[in-house]
Amino acid sequence: MRYDVAAVRAQFPALTTGTAHFDGPGGSQTPTVVAEAVARTLTSSIANRGSVTAAERLAEQTVAEARSAMADLLGTDPSTVIFGRSMTANTMDLARTLARCHLWGPDDEVVVTSLDHDGNVRPWLLAAESVGATVRWAEVDPATGELPVAALQEVLSERTRLVALPGASNLIGTRPDLPGMVAAAHDVGALVHVDAVHLAAHAPVSREELGADLLSCSPYKFFGPHLGVTCGTPDLLEGLRPDKLLPSSDAVPERFELGTLPYELLAGTTAAVDFLASLAGTGQTSSRRTRLEAAFAAVEAHEDALRVRAEDGLSAIDGVTLWSRALHRTPTLLFTLEGVEPSAVHRHLAARGVNAPASHFYAWELSHRLGLGAAGGVRVGMAPYSTTEEVDRLLEGVAELAARR
Ligand SMILES: Cc1ncc(COP(=O)(O)O)c(C=O)c1O
């Protein structure tokens, strides 16, 4: 089946400006259906969750639908889907809760990686620090951008309580061997938290198939509103006692959700998952999970072709270094141009209607391991709405700047 990028683009009002949005890894553009779902819910007759009035039932239904949509996207049970303000906020809360409830102490170890966004590093470091536990680092190979399973195995021991893993790098796109890493962590009896924020926008994820104990993502990376979602195994969640208010529900997952849920954003999240599921144009006959898998296959083929075009074009430009080198990776590239600050490349491209920002993008350790420091590089992220014309515009812009040096 042909992937119809024009039909996809027609659903994004933001794209009518003509700007090429390669800034999707920071947050995607939003289709009309998502914005409409948010507005409709916000202006509906709606109340706090309950079963007496239609307004209460609408809130209840909105929450149930969003849990079910995210469960289909993440391959987990709806009862294990926790909504929060952001992945970072969810992980901060979770790390504190795990350290306290699982009685981490000075004899325990926590493993983080230098491939991760700081949102999957600092919360675990802070939690470990608060109880005197030791932190060990699984190191990325800066030459290849790979994080081999062996790098994790080197720092695992029977003292490891938790391993925080990246689903994919938001800076250079590396997709490590997650099943191999989860298995290695489980071999020593450790729990695993997967940061799927970057991965979930580009590939199907299944927490259950992966065997991950905990997994997080952020709907605003895949056409949804600004929220964070964390899911986990039912038994693990049941055994945790997060900080909460006394009268609020002690049921899982509500126990983990502080205050009133943003119903309008949850409705937008459901709409975003349904929009994603529609991208392969397979109709409504199969399950949403099946449609999501078909959609990701179509999107991956489209985005990968663009990635190859961008990589081929960039590597032909004198002075460009490409930092995205892993064998298996998302369509997210990082490059630098010799003698030009990444921020100057960003500004030059912006003036040509090409949005490709420059930063470390909070992959703080990785940017430093690569020798790029706080300046980082220029990130080019393909999205389902990206086109070959946009890639060519990007390449022309970089070539023009390179020639001017
Ligand atoms: C890989 C990755 N992890 C975590 C985060 C943080 O997500 P949030 O903004 O929902 O806290 C981001 C955001 O860019 C990310 O790309």
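Based on the alpha-carbon gyration tensor of region 131-178 and its eigenvalue square roots a ≥ b ≥ c, which shape applies: rounded if a/c is under 1.5, prolate if not and a/b is larger than b/c, or oblate? Prolate. I'd like the antiparallel share, as a percent to the nearest 5, of DSSP beta bridges with both residues in the chain. Antiparallel: roughly 50 percent of the beta bridges in the chain. Between region 173-251 and region 109-129, what is the C-alpha centre distance in whole Å? Cα centres, region 173-251 to region 109-129: 15 Å. Once C-alpha pairs closer than 8 Å and six or more residues apart are averaged by separation and normalised to the residue number of region 210-328, the relative contact order reads 16 percent. Shape index of the chain: Rg/Rh, with Rg the Cα radius of gyration and Rh the Kirkwood radius from the inverse mean 1/r over Cα pairs, equals 0.97. Heavy-atom surface analysis with a 1.4 Å probe gives the chain a carbon and sulfur content of 54 percent of its accessible area.
Each distinct pair of alpha carbons in region 270-404 adds a 1/r term; the inverse of their mean, the Kirkwood radius, is 16.2 Å.
Database remark: amide H of Val354 closer than 5 angstrom to the amide H of Ala20 (H placed geometrically; neighbours at sequence offset of 5 or more, or on other chains; Pro and chain starts carry no H).
Ordered from largest to smallest accessible area (heavy atoms of protein chains, 1.4 Å probe), the residues Lys244, Lys221 come out as Lys244, Lys221.
Looking at region 140-287, the DSSP beta bridges with both ends there are about 40 percent antiparallel.
For Glu254 and Glu341, a Förster radius of 51 Å and the Cβ-Cβ distance give a FRET efficiency of 0.60, rounded to the nearest 0.05.
Ligands, DNA and RNA aside, Trp364 has an accessible area near 100 Å² when probed at 1.4 Å. When both region 72-88 and region 381-405 are represented by their alpha-carbon centers, they are found 35 Å apart. A 1.4 Å probe run over region 165-291, with the rest of the protein chains in place, finds 34 Å² accessible per residue. The overall shape of region 54-148, judged from the alpha-carbon gyration tensor, is oblate: a/c is not under 1.5, and a/b is no greater than b/c.
Rolling a 1.4 Å probe over the protein chains gives His348 an accessible area of about 30 Å². From helices alone, the chain scores -12500 deg cm²/dmol at 222 nm; the rule is -39500 (n - 2.57) for each run of n ≥ 4 DSSP H residues, then divide by the residue total. For region 212-307, a/c is not less than 1.5, where a ≥ b ≥ c are the root eigenvalues of the C-alpha gyration tensor, and a/b tops b/c. That puts it in the prolate class.
Take region 127-286, drop everything but the C-alpha atoms, weight them equally and run the Debye formula without solvent; then report log10 I(q)/I(0) at 0.09 Å⁻¹ to two decimals. Log-scaled intensity ratios, in q order: -0.37.
The values are calculated or read from the model by the stated rules, or taken from the named source; none is laboratory data. Fair warning: this is a prediction, and the values are worked out from it, not measured in the lab. Cβ atoms come from the backbone with ideal geometry, glycine included; neighbour counts cover every protein chain shown. In case anyone asks, the SASA skips ligands and DNA or RNA and just uses the protein heavy atoms, side chains included. Shrake-Rupley method; radii C 1.70, N 1.55, O 1.52, S 1.80 Å.
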